[in-house]
Amino acid sequence: MNALAITLHGLAATVWVGGMFFAYIVLRPSMSLLEPHRRLTIWAGVFKRFFPWVWMAVFVLPLTGYWLVFGAFGGFATSPIYIHIMHGIGLLMIALFIYLYYRPYAALKNAVTAESWPEAGEALNRVRHIVLVNLVLGLFLVAVVYAGRYGLFS
Ligand code: HEM
């Protein structure tokens, strides 16, 4: 069961952090030459397809993470420091995604449907900032886990 939990945990983290990396670092500069209405419509479509996968990660990561903490590490009291760092950063990333989904992303969808391009542009900018914060947090978290496993904090 622990083997299944760590497999799902690793896959969910890969999909979420890798997806943000691709969107921010690769797709964003590639779309900068498009006219605003096309760019904003494409971004709304990109998020519509990517965010269900992020929701999957938002459920799978804590579920499998707590399973491993209590099933493999004997609880938080006996877990190494990198697990505590992952736990804190993970919860922060999840809270930021939920805020992003229900505020700026909802505003982006409404503005694109109404073809209000200046509002859509503002909403996209707010989505972009939060994705950047979550991308940096996610990459840092993954680095902390792998380096922590090989004794960085001990
Ligand atoms: C929300 C609470 C979370 C808890 C309680 C948790 C807990 C854990 C535990 C116990 C492990 C196993 C560590 C080991 O075997 O040494 C682990 C591994 C890992 N976690 Fe988390 N985690 C959480 C969130 C996250 C998030 C949000 C991400 C990334 C977005 C993440 C990425 C990873 C990665 C990349 C690994 C290593 C997987 C591998 O073995 O390749 N975790 N986590």
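Points worth noting:
- The listed residue being out of contact with any Asp or Glu (no Cβ under 6 Å at 6 or more places or on another chain), in a helix (DSSP H, G or I), in contact (Cβ under 8 Å) with a residue 24 or more places away in the chain and more than 17 Å from residue 126 (Cα to Cα), out of 88, 18, 65: 65
- For region 37-59, a residue qualifies if it is of a type in the set (A, V, I, L, M, F, W, C) and without any contact (Cβ under 8 Å) to a residue 60 or more places away in the chain, and the qualifying residues are 42, 46, 50, 51, 53, 54, 55, 56, 57, 58, 59.
Every residue, every condition in (1) within 18 Å of the chain's Cα centre (by Cα); (2) more than 11 Å from the ligand (Cβ to nearest atom); (3) surrounded by 14 or more Cβ atoms within 10 Å (Cβ to Cβ), yes or no:
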| residue | (1), (2), (3) |
| --- | --- |
| 41 | no, yes, yes |
| 45 | yes, yes, no |
| 48 | yes, yes, no |
| 51 | yes, yes, yes |
| 54 | yes, no, yes |
| 58 | yes, no, yes |
| 61 | yes, no, yes |
| 68 | no, no, yes |
| 77 | no, yes, no |
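- Taken as a whole, the condition of being closer than 19 Å to residue 89 by Cβ and in a helix (DSSP H, G or I) does not apply to residue 53.
- Residue identified as over 20 Å from residue 106 (Cβ atoms), within 15 Å of the ligand (Cβ to nearest atom) and crowded, with 16+ Cβ neighbours inside 10 Å among 3, 13: 13
We did not get these values from a lab; they are worked out from the coordinates using the rules stated. Just so it is clear, the model here is predicted, and its values are computed rather than measured. When we count neighbours, we look across all protein chains shown, and the Cβ atoms used for this are built from the backbone with ideal geometry, even at glycine.
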